[in-house]
Ligand code: 13P
């Protein structure tokens, strides 16, 4: 069985002191929940402090992005070697990076390969805009994004990574996809595309998260879906109480707690 994975993407929120307070407030609550992987993705500045505060626990740390080169004259960038000092995971290709910072399917693919080259597990984000959804292009768009992201990866690599399906219209809007809709895309589009490319065993192994307005009040129904293995949580991961509840309800929905 795939181990559920709940990740908090803090985006550009929290100073180091605020991050420390947030981790300290949620740490015990998270550790007490069995059977589920928990990942915190603070902004770069706070990563060392968050990593220090969760050291010795099962809580893992992730970065929200990184560059693909290991070092060099790339002003402002952070390398996989630097991320690996503190992190096990790295979010790649979030829609906000695609929209505001010029990320493309090609850069996403390079970053995923760099993550594997440095022992990091990528959380690869895909998802359609409202316009694409209205045009009925969700399936082809998401499938094409998955194909482009995974190009050139080995079956073993794909089996080990995480794909986050985050419909852009659901991010930060309070309008989460329904559990049925999220399940349909995660199963019939994302997992089916992995199966088409890499076969049934790899598709069975890859973990697929849903992201977009996940809250304590809607997570259980999402997590009861067979093809939803976790969530990438934005705003609600900035509250210790809310994020701990999301993780606990996820474990319960999968029959683990
Ligand atoms: P919200 O949970 O704030 O909608 O954000 C989702 C997201 O983009 C996580 O990466």
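The values are calculated or read from the model by the stated rules, or taken from the named source; none is laboratory data. Remember, it's a predicted structure, so these values are computed and weren't measured experimentally. All Cβ positions, glycine included, derive from the backbone under ideal geometry; neighbour counts span all protein chains shown.
Residue-wise test of (1) under 20 Å from residue 190 (Cα atoms); (2) touching a residue at least 24 places away in the same chain (Cβ under 8 Å).
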{"residue": "106", "(1), (2)": "yes, yes"}
{"residue": "109", "(1), (2)": "yes, yes"}
{"residue": "114", "(1), (2)": "no, yes"}
{"residue": "126", "(1), (2)": "yes, yes"}
{"residue": "131", "(1), (2)": "yes, no"}
{"residue": "134", "(1), (2)": "yes, no"}
{"residue": "146", "(1), (2)": "yes, yes"}
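State all residues of region 27-46 that are within 16 Å of the ligand (Cβ to nearest atom) and crowded, with 22+ Cβ neighbours inside 10 Å; if no residue qualifies, say none.
38, 39, 40, 41, 42, listed by residue number.
Is one or more of the residues making up region 191-204 within 15 Å of the ligand (Cβ to nearest atom) and free of Cβ contacts under 8 Å to residues at least 40 places away in the same chain?
So far as region 191-204 goes, no, none of its residues is within 15 Å of the ligand (Cβ to nearest atom) and free of Cβ contacts under 8 Å to residues at least 40 places away in the same chain.
Of the numbered conditions (1) under 22 Å from residue 133 (Cβ atoms); (2) crowded, with 22+ Cβ neighbours inside 10 Å; (3) in contact with a helix residue (DSSP H, G or I) (Cβ under 9 Å, 6 or more places away or on another chain), residue 164 satisfies every one except a single condition; which is it?
(3)
Output yes when any residue across region 65-76 is under 19 Å from residue 234 (Cα atoms) and either within 16 Å of the ligand (Cβ to nearest atom) or out of contact with any helix residue (DSSP H, G or I) (no Cβ under 7 Å at 6 or more places or on another chain) (or both), and no when none is. Can you show your working first?
Here is the first cut: in region 65-76, the residues under 19 Å from residue 234 (Cα atoms) are 65-66.
Subset that is either within 16 Å of the ligand (Cβ to nearest atom) or out of contact with any helix residue (DSSP H, G or I) (no Cβ under 7 Å at 6 or more places or on another chain) (or both): 65-66.
Checked against the condition, which is being under 19 Å from residue 234 (Cα atoms) and either within 16 Å of the ligand (Cβ to nearest atom) or out of contact with any helix residue (DSSP H, G or I) (no Cβ under 7 Å at 6 or more places or on another chain) (or both), region 65-76 yields at least one hit.
Can you list the helices (runs of 4 or more DSSP H) found entirely within region 90-180 that contain at least 1 residues being modelled with pLDDT under 95 and either within 23 Å of residue 218 (Cα to Cα) or within 16 Å of the ligand (Cβ to nearest atom) (or both)?
none
Look at region 226-250 and say how many of its residues are more than 16 Å from the ligand (Cβ to nearest atom), under 28 Å from residue 195 (Cα atoms) and surrounded by 18 or more Cβ atoms within 10 Å (Cβ to Cβ).
Step one: list which residues in region 226-250 are more than 16 Å from the ligand (Cβ to nearest atom), which gives 226-227, 248.
With under 28 Å from residue 195 (Cα atoms) added as a condition, the list becomes 226-227.
Next cut, surrounded by 18 or more Cβ atoms within 10 Å (Cβ to Cβ) only: 227.
So the count comes out to 1.
Starting from residues that are out of contact with any strand residue (DSSP E or B) (no Cβ under 6 Å at 6 or more places or on another chain) and buried (at least 22 other Cβ atoms within 10 Å of the Cβ), keep the ones in region 207-219 and report whichever is farthest from residue 193 (Cα to Cα).
For region 207-219, the residue satisfying everything is 219.
I need the full set of residues from region 218-257 which are in contact (Cβ under 8 Å) with a residue 12 or more places away in the chain, in a loop (DSSP other than H, G, I, E, B) and under 21 Å from residue 206 (Cα atoms), in order please.
Hits for region 218-257 are 224, 225, 226, 227, 228, 229, 254, 256.
Out of region 181-190, which residues are within 16 Å of the ligand (Cβ to nearest atom) and over 16 Å from residue 125 (Cβ atoms)?
Scanning region 181-190 gives a single hit, 181.
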